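The values are calculated or read from the model by the stated rules, or taken from the named source; none is laboratory data. Remember, it's a predicted structure, so these values are computed and weren't measured experimentally. These area figures cover heavy atoms from the full protein model, side chains too; ligands, DNA and RNA do not enter into them. Shrake-Rupley method; radii C 1.70, N 1.55, O 1.52, S 1.80 Å.
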Amino acid sequence: IGNDWVCSIDPSDSTIGLIVYKTADFGNTWYQIPSPQISSVDSLLQNNGSIYSVGPQLDLAIDQQGTLHVGVPVIPFKPGNFVDSFFVTSEWGLFDFSYSSINNNWSTCFIGSTDTYFGAYGVMAGPINPYVTEDNRLQLSRSWNGDKLFFTWFDTDTLIFGSASGNIFSDMHSKGVDVVTGLW
C-alpha cells in the first residue's frame, strides 16, 4: 500500500492505494501492474464520491486460476482521523480487489461491513507503557488447491459493548467463496 500518484488516474481518486509489482522470470525483472481504481467502491458505500484510502493492513492470496486477491479495508479519507468515532459503518467496508493477468484488469468485491474499525487497549503513556491496538486485521487464506478463498476479520458487536471503546471486544468473522462457482 502506498501512494506514488500512479495508484489512480487522478490523485483525487485515493490517498493511499494498492501498488503491485509482478515478476515472470523468478525475480530477475519486475514491473508494476496497473493499480485498481479505489473509487470503484463508491457505488457500494454511502460516501457520494469521497476520496478513499485503503486501510493500514492487507492480505493477499492467489487462487487456482492465477488471479491475485487483495483483501483490504477501504475508508473515506478524513485527514488525521483513523479512530472509530470518525467512521460511520456505511461509509467504509472490507473489499477483495482481484487482478486477472489474463484479462489485465481489476475487479472489486464487497466482503462486508463492520461496526468498528480501530480500538486501543490501555492508555498511551510513552514507550514504557504503550497501548496495544486492535484493528479488523482482514486475513485471506485458500484451500490447498486454490479453488476456495476464506476472508477472516475481527469486529466488536456495538449492540453489546457500545461504540465508545472501539474494537477491543472483537469476535472473529469469516466468509468463504468458491472461485469456480462464485458461490459464497
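Worth pointing out:
- In the context of the full protein assembly, residue 175 retains an accessible surface of approximately 70 Å², using a probe radius of 1.4 Å and ignoring ligands and nucleic acids.
- Area of residue 44 that stays accessible when all protein chains are in place (1.4 Å probe, Å², to 10): 90
- Probe 1.4 Å, all protein chains present, accessible-area order of 30, 144, 106, largest first: 144, 30, 106
- Exposure rank, largest accessible area first [26, 95, 161; 1.4 Å]: 26, 161, 95
- Ordered from highest to lowest accessible area with the whole protein assembly present and a 1.4 Å probe, 177, 72 read as 177, 72.
- Extension reserve of the residue 147-residue 103 stretch, reckoned as 0.36 nm per residue once the Cα distance is removed: 13.9 nm
- The slack between residue 20 and residue 160, meaning 0.36 nm per residue of separation minus the straight C-alpha distance, is 46.5 nm.
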